[in-house]
Amino acid sequence: MRLVRRSFLAGAAAGAALPFLSIPGRAAAKPGTLVFGLSSYPPSLLPWVQAGTAAGTVNLCVHRGLTSYAPDGTLRGELAEKFDHDDKNGWTFHLRKAVFHDGSPVTSADVKWTLEQVAAAGSTAYMAPQFRGVAAIETPDAATVRIVMKEPTATLPLWLAQYEMPIVAHGTGIAGKPAIGCGPFTIAAQDHGVSVTLKAFPHFYRPGLPKLETLRMVAYADETARVAALRTGDVDIIEYVPWNAMAAIEANPKLALQTTNGPFMYLTFNGSFKPFADARVRRAIALGVKREDIVKAVFFGRGSPLGGMPIPPGTPFYDAKLANGWTYDPTEAKKLLAEAGYAQGFSCTLLATAQYSMHMQTAVLVQQNLAALGIQVQLALPDWATRVALGNRGQYQFAVGGTSADSNDPDGLSAIIDSSLAPSVARSYDLPVPKIAALFAQGRAEFDPAKRRAIYDQLQRVLLAEAPMVSLAWRSQGYGLSRKVSGFYDMPGALTFFSGTTLEQTSIA
Amino acid sequence: MAWVLRRIGASLLLVWVVVTVVFMAIHLVPGDPAELLLSQGGSAPDPAAVAALRGQLGLDRPLLAQYGSDLVGLLHGDLGLSLQDQSPVAADIAQRLPRTIELLCAASILALGFGVPLGTLAGIAPGGMLDRAGAAVSALLLSVPVFVVGTLLVLVFAEQLGWADAGGFVPIDRSLAGHFAHLAMPALTIALGLGAMLYRITRAAVLDVALRDYVRTARAKGVAPRRILWRHVLRNALSPVVTVFGLQFGALIGGTVLVEYVFNYPGLSGLLVDAVNARDYPLVQGIVLVISVLFVAINLTLDLLYAALDPRVRGR
């Protein structure tokens, strides 16, 4: 057969068309393999660093701590089968039989090593400040560890349940020695920037778990691409479902949507800007914002107004009245401004970021609402990196924030509300409220649930009066799932970002 | 030879200038990689932890010292480590660059495959059906944003017809068919815009050359139309097409970010944008350096191609 130009061109054209015509849409799913669509590639998998949701989800599969949260959000023992406190600031943890991924047993020496690394000078651990409150770590035997705190600390088991607090094998988790964990999965492969492939750890201490053989976590930074991947079956679960896609996922018979109101939007203030040093002005702003509009316009109705301390409904410390202490009341807001000497309003700049539309849109609505009070707001919308830098340095007047508490316990909000702590992008700047700091300390030291509740009730009242931060709206945090997936749960409230824990019991049909 | 050496010397100088400007720019804009890494999700990092991380990453050193060590590293072929996960920058680029080059090559083949032939046909028959239809379609393809084209392709081919994956990447050693299936839609998305541009350039160039005296003379001498087209028209008309194609290819090495995002394709552009957002200085510098070198190399190649296509250029 002679190859002529016409037949060559025809062949080439047919070859070029092949990818569009004959190749099946996607590789058939392997049994026991689940593909999880992450919202980003984990920037770091260091064990004790807060490196975002994606990193947290991967770490929750690879590591385990002394305590953890059950799917319904209740605190439970994890590597510690049981734990209790004594009257000498001590907490004793009795370890279950478990092994690390290298086959070595989990012992009290590993727990001691972990806590020492977290609290060490030069540590980059998220929980370092909390664990610098440890006075001594006793290891009477391999299966028992007693942590003695400098002060009475009722919240220690909560701190240990943080996903930034995994227990790692002795001698690992430091420079040049990757952390060895004891979670239900091990890292089998990493395609940098693309995916992390996890394999079931056959010696995981919970019998029959994990149910999946392989868990492939693929990063989809673009939310539209992430949703499309779920719709087409490329992935089985996605995190960070965009609010505008939630209705379509709910309506799709092949998909399911799980949501919880955990993260929230709020305003922080710089106390060195004169008007915001006055609690009456901050309270006026709290009363001058239409929170329902934020929920409708920014979150497509997927959330709810939040006018008080962000304690999730359904948790023991929630009080509906206190949680909605600030409601839209422009008359009272104007009265407060007049009392503070700003009857004609004032001009200020609101810092947010154009990189995340929820921040930008919230800022626009706040700007519109405050104009009605005579407060002329100019928006500053740099990229996220600049916004963080300006926030940490206090180079702003007031700012839009969006985050989640460390836990559903009010103590998990201290890093956001207690502005007497060191400057941070997450809390107000140069605006110490000693009463709030003292009440957080009291709550942390109190073991009696009823007395704790009274303390946090009082704290909520002080917050409403002083307004060191102004909460705006809960935002719905959602996971989209294929109906073939079972056993995965979006954990309640602030624990939504701990939902990766339930991947140990997740299976796929 | 001296001309080539002069061009190479000037190119190296240009690369150094680009690296220096990028170093200064990325360090002078607000944003701290240590703060960013520890403030994920709007969390409140311990300032002592941020300071410790800055020390570990060497960010507490004077700016000139950082520049000096970066430059020495570059001269030794060491692009440094990513500030985010301490992975070697060279390895990150070596992983992403071939994917981008492959994507652009596939897109170029498609774009050249329809842009140049159709542009030629339209140019030799101005005002005809093809010319009029081509003008409308190319205007449409050039005016529709690339992310709209990509999203439409996903909607039609992935969501509605189920012929392709919505996006992603499959290594060629895992599945040949899967690899090309994942390459097809992003390549087509780029090719539609690039091809439309090549169509217009080719049409204009062919139209211009076809009216030249030497073409008329060739026709008057009775030279066969096909021979006139290949030897006299196309050969002279291709210079601007090569120029535009080369510049576009160079620009696309770092400019396919929207396509990469829409199709979740892990190329170099997305890595660059992520690195800038994370203020990952070594990664930004490394990628910009590689893109600059490639851009300069493409320009050098183009100059040599001109010389091959147009003998008058030689010796200038």
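Filtering the stretch A:179-190 to residues that are at pLDDT below 95 and in contact with a helix residue (DSSP H, G or I) (Cβ under 8 Å, 6 or more places away or on another chain) leaves nothing. What do you reckon, is B:Pro225 in contact with a strand residue (DSSP E or B) (Cβ under 7 Å, 6 or more places away or on another chain) and either at pLDDT 90 or above or more than 14 Å from chain A (Cβ to nearest Cβ) (or both)? So B:Pro225 does not fit the description; no. Residues that are buried (at least 16 other Cβ atoms within 10 Å of the Cβ) and either in contact (Cβ under 8 Å) with a residue 40 or more places away in the chain or aliphatic (A, V, I, L, M) (or both) number at least 3 in the following helices (runs of 4 or more DSSP H) confined to the stretch A:296-373: A:330-339, A:357-371. From the list A:Val218, A:Val235, the lone residue that is in contact (Cβ under 8 Å) with a residue 12 or more places away in the chain, outside any loop (DSSP other than H, G, I, E, B), in contact with a strand residue (DSSP E or B) (Cβ under 6 Å, 6 or more places away or on another chain) and within 30 Å of B:Gln160 (Cβ to Cβ) is A:Val218.
Select from the stretch B:20-57 the residues that are assigned to a helix (DSSP H, G or I) and at pLDDT below 85 and write down the one among them that is farthest from the other protein chains (Cβ to nearest Cβ). Restricting to residues being assigned to a helix (DSSP H, G or I) and at pLDDT below 85, the top hit is B:Gly41. Restricted to helices (runs of 4 or more DSSP H) entirely inside the stretch B:183-279, those with at least 1 residues that are within 15 Å of the chain's Cα centre (by Cα) are B:235-253, B:257-262, B:268-277.
Annotation note: of B:Gly250, B:Gly254, B:Gly246, the sole residue that is under 17 Å from B:Asp92 (Cα atoms), more than 13 Å from chain A (Cβ to nearest Cβ) and of a type outside the set (A, V, I, L, M) is B:Gly254.
Every condition in (1) without any contact (Cβ under 8 Å) to a residue 12 or more places away in the chain; (2) of a type outside the set (Lys, Arg); (3) more than 14 Å from every other protein chain (Cβ to nearest Cβ) holds for B:Asp60 except the one numbered (3).
The strands (runs of 3 or more DSSP E) located wholly in the stretch A:42-150 that include 2 or more residues which are touching a His at 6+ places or on another chain (Cβ under 7 Å) occupy A:80-85.
Give me the residue from the stretch B:114-134 that is touching a residue at least 40 places away in the same chain (Cβ under 8 Å) and small (Gly, Ala, Ser) and, out of that set, surrounded by the fewest Cβ atoms within 10 Å (Cβ to Cβ). If we take residues in the stretch B:114-134 being touching a residue at least 40 places away in the same chain (Cβ under 8 Å) and small (Gly, Ala, Ser), then B:Gly134 is surrounded by the fewest Cβ atoms within 10 Å (Cβ to Cβ). So which of A:Asn408, A:Asn392 ends up being more than 14 Å from every other protein chain (Cβ to nearest Cβ) and either aromatic (Phe, Trp, Tyr) or in contact with a helix residue (DSSP H, G or I) (Cβ under 7 Å, 6 or more places away or on another chain) (or both)? Exactly one of A:Asn408, A:Asn392 is more than 14 Å from every other protein chain (Cβ to nearest Cβ) and either aromatic (Phe, Trp, Tyr) or in contact with a helix residue (DSSP H, G or I) (Cβ under 7 Å, 6 or more places away or on another chain) (or both), namely A:Asn408. Scanning the stretch A:441-468 for residues that are closer than 16 Å to A:Gly308 by Cα and touching a Leu at 6+ places or on another chain (Cβ under 8 Å) yields A:Ile455, A:Tyr456, A:Asp457, A:Gln458, A:Leu459, A:Gln460, A:Arg461, A:Val462, A:Leu464, A:Pro468.
Annotation: B:Gly267 fulfils all but one of (1) open to solvent by less than 10 Å² (accessible area, probe 1.4 Å); (2) small (Gly, Ala, Ser); (3) more than 10 Å from chain A (Cβ to nearest Cβ); the unmet one is (3). Within this structure, A:Leu212 fails the test of being away from every other protein chain (no Cβ under 13 Å), at pLDDT 95 or above and within 22 Å of the chain's Cα centre (by Cα). Of everything in the stretch A:395-405 that is more than 15 Å from the chain's Cα centre (by Cα) and open to solvent by 10 Å² or more (accessible area, probe 1.4 Å), the residue that is nearest to the other protein chains (Cβ to nearest Cβ) is A:Gln395.
Residues in the stretch B:54-112 that are over 19 Å from the mean Cα position of the chain (by Cα) and β-branched (Val, Ile, Thr) were compared, and the one that is least open to solvent (accessible area, probe 1.4 Å) is B:Val89. The set of residues in the stretch A:152-164 that are closer than 28 Å to A:Gly56 by Cβ and either of a type in the set (Asp, Glu) or out of contact with any Asp or Glu (no Cβ under 7 Å at 6 or more places or on another chain) (or both) comprises A:Thr153, A:Leu156, A:Pro157, A:Trp159, A:Leu160, A:Ala161, A:Tyr163, A:Glu164. Only residues that are within 25 Å of B:Pro88 (Cα to Cα) and small (Gly, Ala, Ser) were counted across the stretch A:137-182, and they come to 6.
Total residues in the stretch B:149-192 satisfying the condition of being within 8 Å of chain A (Cβ to nearest Cβ), among the acidic types (Asp, Glu) and surrounded by fewer than 18 Cβ atoms within 10 Å (Cβ to Cβ): the figure is 1. Just one residue in the set A:Ala200, A:Ala248 is open to solvent by 10 Å² or more (accessible area, probe 1.4 Å), within 13 Å of chain B (Cβ to nearest Cβ) and modelled with pLDDT of 95 or more; that residue is A:Ala248.
For the stretch A:431-446, the candidate set comprises residues that are open to solvent by 20 Å² or more (accessible area, probe 1.4 Å) and either within 14 Å of chain B (Cβ to nearest Cβ) or outside any loop (DSSP other than H, G, I, E, B) (or both); within that set, the residue that is nearest to A:Thr155 (Cα to Cα) is A:Arg444.
The values are calculated or read from the model by the stated rules, or taken from the named source; none is laboratory data. Computed from a predicted model, the values in this text were never measured in an experiment. Every residue, glycine among them, receives a Cβ derived from its backbone with ideal geometry; neighbour counts consider all protein chains shown. Quick note on the areas: whole protein, heavy atoms, side chains included, nothing else; ligands and nucleic acids left out. Shrake-Rupley method; radii C 1.70, N 1.55, O 1.52, S 1.80 Å.
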